[in-house]
Structure formats: C-alpha cells, structure tokens
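The values are calculated or read from the model by the stated rules, or taken from the named source; none is laboratory data. Bear in mind that the values here come from a model prediction, so they are computed numbers and not experimental data. A quick note on method: Cβ atoms are made from the backbone with ideal geometry, for glycine too, and the neighbour counts reach across all protein chains shown. All accessible areas refer to the heavy atoms of the entire protein, side chains included, with ligands and DNA or RNA removed. Shrake-Rupley method; radii C 1.70, N 1.55, O 1.52, S 1.80 Å.
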Amino acid sequence: MESTTPKASFSNANRHMQEEEELRLTSVGVDIGSSTSHLVFSRLQLTLEGSRYRVTKREILNESEILLTPYVDDTRIDVEALEAFINQQYKNAKIRREEVDTGALILTGVAVRRRNARAIGELFAQEAGKFVAVSAGDGLEATMAAHGSGAVAHSAKIGGVVLSIDIGGGTSKFAVCNNGKVQEVSAMDIGARLLAFDKDGAVARIEEAGRKHAGWAGFNVELGQKVSQENLRKMASGMTDKLFGMLKPESFTEDVKGLLRLPPLAYKGEIDCVMFSGGVSEFIYNRAKTSFGDLGPLIADEVHRRIGDLGLLVMEPAARIRATVIGASQYTVQVSGNTIFITPEDSVPVRNIAVVAPEFDLSGDDLDDAGITTAVHNALRRLDLLSGRQPVAIAFHWDGSATFFRLQSFSKGVTAGLKEILAKGHPLVLVNDGDIGGIVGLHFQEELKIENPIISIDGISLNDFDYIDIGALIPSSGSVPVVIKSLIFPASPQQ
C-alpha cells in the first residue's frame, strides 16, 4: 500500500528526506535592527503530526555577540562592517553557510529602509531560496517580541493575560497576550539609544525623539556635549512616566500621543503579569555586565522605581535582548488536485507569501461578515500587513456546513478585510485544513465576481509566522507542491 505521508525535503540540494516521521534542520536567525544586530544558530527537530510537521525540539547551537549596528551616516548602515561581523559569527559557531538548511532574516527600524534592505539582502543572496526575509514594522516587532520573550507561551500556560513590554534602542513595543494569542499591540518613541554616548561620555548620536525627551526634561542637547547625570536622570524619568502612561490612556497628554507609532492599547481588563524584553531588559533583570553607552541603565532604574506602584507581577522572560526569531523551519508537502481551485493557472507559482490566521468564529449557523472583516483587519495589523504592499494568505479552519449563505457571509467578510490588498491586484490566497478549497475558491469567483487571481488550497494547517511557496500545477495530477517555512522563537506555544 502506498504511503500517504507528505513528502518532506530540504532546500539544501544535497539533502533529501522522504516519508520521514522526523526531520532535523540546522537553522539560523539573523536580526538586524537600528540599534543592535545579532545571530543565533539552532538545531530544530520536526515531527510529523497529521498534515504538518511541528517543531518538537529546539537546541541553540551558538548565540553570536551583540553588535551595535554600524552606520556610515545617520541613515545608512555600514554593510561592509556588518558582513565582516556575520562572517565572523559563522566562524565562531563552526558552521559553514552551506550547512544551514533554512533561516530567517529579520530587518527592523532603519534596516528596513529600501537602500539598507537591498544591500543587506545581497549579503544573503546565496541563501535566497532557503531564508525567509522579513521587513518588520512596529506591529510585527511587537508581536515577535511577545512570542520571542515567552510572554505568549506564558499566557497560554496560565490561561490569562500577560503584558509584553519590549524596550529597545529607538522604540518601545507593547503586546497584550491573552491565553496564547497576541490580542493587540502598540508602540511608541521611547528607547535607550535616542541618545548615545562615546567612551568619554559625550553625546555621539541624537534621534529626533531624543531631542523631544531632552526638551521635556528641561535641556537642549547637541553632538559632542556632555550632559549632567542629573539631566539624564530627569530625561529617563520622563520617558518612563510616558512609557507607563500606555497603561492609563485616560491620562494621555498631547505630548504622549505625539510619541505613539500605533494606536494606544484599548485593553482595560486585568493583567496577570508583565514581561520585559529588548536591550533595556538586560538591566531591568540585572543581567547586563556592561553599559552600551546609552540610557539603558537609567531607564531600568526608573522602571524598578515604579513597578511597585503599578501593582503588577513582573516575570522574567525566556529571552531578553534576544527576544526574536532563532531561525525558521521548512518542509514541502504535495497538495492534492481534487479540491483545490486556482485561476488562472499561471497565477502560480508564488513565493514567500506571509500567512495570517485571523480569529474567525465559524461555528454558528449564521456567520457575521462584519466580525470576519474585523478579524482579518486585526490579524493584518498584528503582522504589519494592512498597507496592501504585499499579498497574504488567509489560513482558516472551516466549521459547520458549506451552505450558500454561510459561504456568502465568509466570502464577503474576507473580501472586505482584504480590500487594500485586492485593490493593488494581488492574488486572493486562501488555505484551509479541511477539504473545501475548491468550493470556497469557486464561490469567490462566481458569486463575488473577484477579478483577482484566486488560489484556494486545502489539507494544510497554517499559523501566523508561516510563509508559503505554492508551486506550479503538475499537469498529470492537478496537484501543487507547497513549501511551508515557519519562523521559530526561543519559547512559544506548541508550533
């Protein structure tokens, strides 16, 4: 009898595994941000469960040094210095680039700017097929930090609410984690490296938001200036007041509103505990041995001072400054041609499509299309995909019967939620874990008259932080090969 186990293969051409219950991958996570850059090498064990491989074991092989991201000028990253650092970290880890099966390149802050992103991408050109490359804005950074620190996993463990606060060099990100899911996110211009100092204590770097915070503390700041400890403490104190102002939106001043990079948190319920991550958390949890020449230690002191008044339980995270991806897993499945729907046929192949898994309630007899639209919007906001700059794949689990009226409500809700994306001509990509890919795709085409290419496949269970490649139709069987790449964090609920 022929096995129906999905076939799994490595992108590394010299290694192929087929019909294996377990896969082992060498993976690397590369995080390049405005303030710091680092790598982590890991070994992942994937075990076949149902229709997908799940990460059942993570082993960190090597964590790189933390590099203060080098600059040529205010906005351009020094790519040559970055390349030398990356090559040295591979040597330190005793891992050759060709031995890496898969990985993730995460760009944040200044690294996302087009010129920087292109130059950094070229450093990893040889890994292009193996790596997931992600340009993260504030929403995605907040979501990733919540997963990377372990706040999401802890909220699942306690069945409650964990507030993740990631205080980095330029921004602070917030995520309300409720029962294993990121419920909402926010971000503001508060960070340790809004002012940075040289070894003599003179100001070597000033961000625009740093000038604002200094002004509120009663002083002006210029390059080369030595600022008194008293003034720096005032500045750190004001920044921390505004940071915790996020928990009391009713007290928001116009000043604080001007610092917001995303809408403020709307959550008003109980918070079971708070977890800090990012560079400043190294000082909050007394783990940093040296200062990075910035405001980190002063902000940490101010956080310590206020925690008692807030009445919040502080938990130590699984990862602090390294609360980001440790790499990616990757495997291939063959999707049967019986129930998939792809029109026109040349709309595949597609590559590196980000997956969003909205919190749909599809259990009732009557589906709420407005609720479905809201769920799509919330999922897109969490992952910084609202702008419509790139296509996305909507992952869902269908509950109940596929009657005309239920399909109509679902299709209307999804179409409204993806309005910006569809308006830019991107394909409508739908992935479900059942066997209704064909009927769902047909409904979008025939009843909603969607003119965009439609790719609707089934038999695959996907989550946020998955990325998929969908190959060209295989004429003999009508099936398509699908490569699934998943970002992997140091601590997360069962992948």
The one condition in (1) open to solvent by less than 50 Å² (accessible area, probe 1.4 Å); (2) closer than 16 Å to M188 by Cα that A288 fails to fulfil: (2)
Could you tell me whether segment 473-486 includes any residue that is touching a residue at least 40 places away in the same chain (Cβ under 8 Å), under 27 Å from the mean Cα position of the chain (by Cα), closer than 22 Å to T374 by Cβ and open to solvent by less than 20 Å² (accessible area, probe 1.4 Å)? no
Can you name every one of the helices (runs of 4 or more DSSP H) wholly within segment 352-447 that holds 1 or more residues which are open to solvent by 70 Å² or more (accessible area, probe 1.4 Å) and among the hydroxyl-bearing types (S, T, Y)? 369-382
Filtering segment 173-203 down to residues that are in contact with a helix residue (DSSP H, G or I) (Cβ under 7 Å, 6 or more places away or on another chain) and crowded, with 23+ Cβ neighbours inside 10 Å yields K173, F174, A175, C177, V182, V185, A187, M188, I190, A192, L194, L195
Would you confirm, using the coordinates I've provided, whether M235 is touching a strand residue (DSSP E or B) at 6+ places or on another chain (Cβ under 8 Å), farther than 22 Å from D198 by Cβ, open to solvent by less than 60 Å² (accessible area, probe 1.4 Å) and not small (G, A, S)? no
Within segment 318-334, take every residue that is in contact with a Ser or Thr (Cβ under 6 Å, 6 or more places away or on another chain) and not in a loop (DSSP other than H, G, I, E, B) and give me the one that is surrounded by the fewest Cβ atoms within 10 Å (Cβ to Cβ). Q334
Restricting attention to segment 294-316, report how many residues are under 30 Å from K199 (Cβ atoms), within 25 Å of the chain's Cα centre (by Cα) and either assigned to a loop (DSSP other than H, G, I, E, B) or of a type in the set (S, T, Y) (or both). 0
Where residues in segment 157-172 are farther than 13 Å from L243 by Cβ and part of a loop (DSSP other than H, G, I, E, B), which of them is most open to solvent (accessible area, probe 1.4 Å)? G159
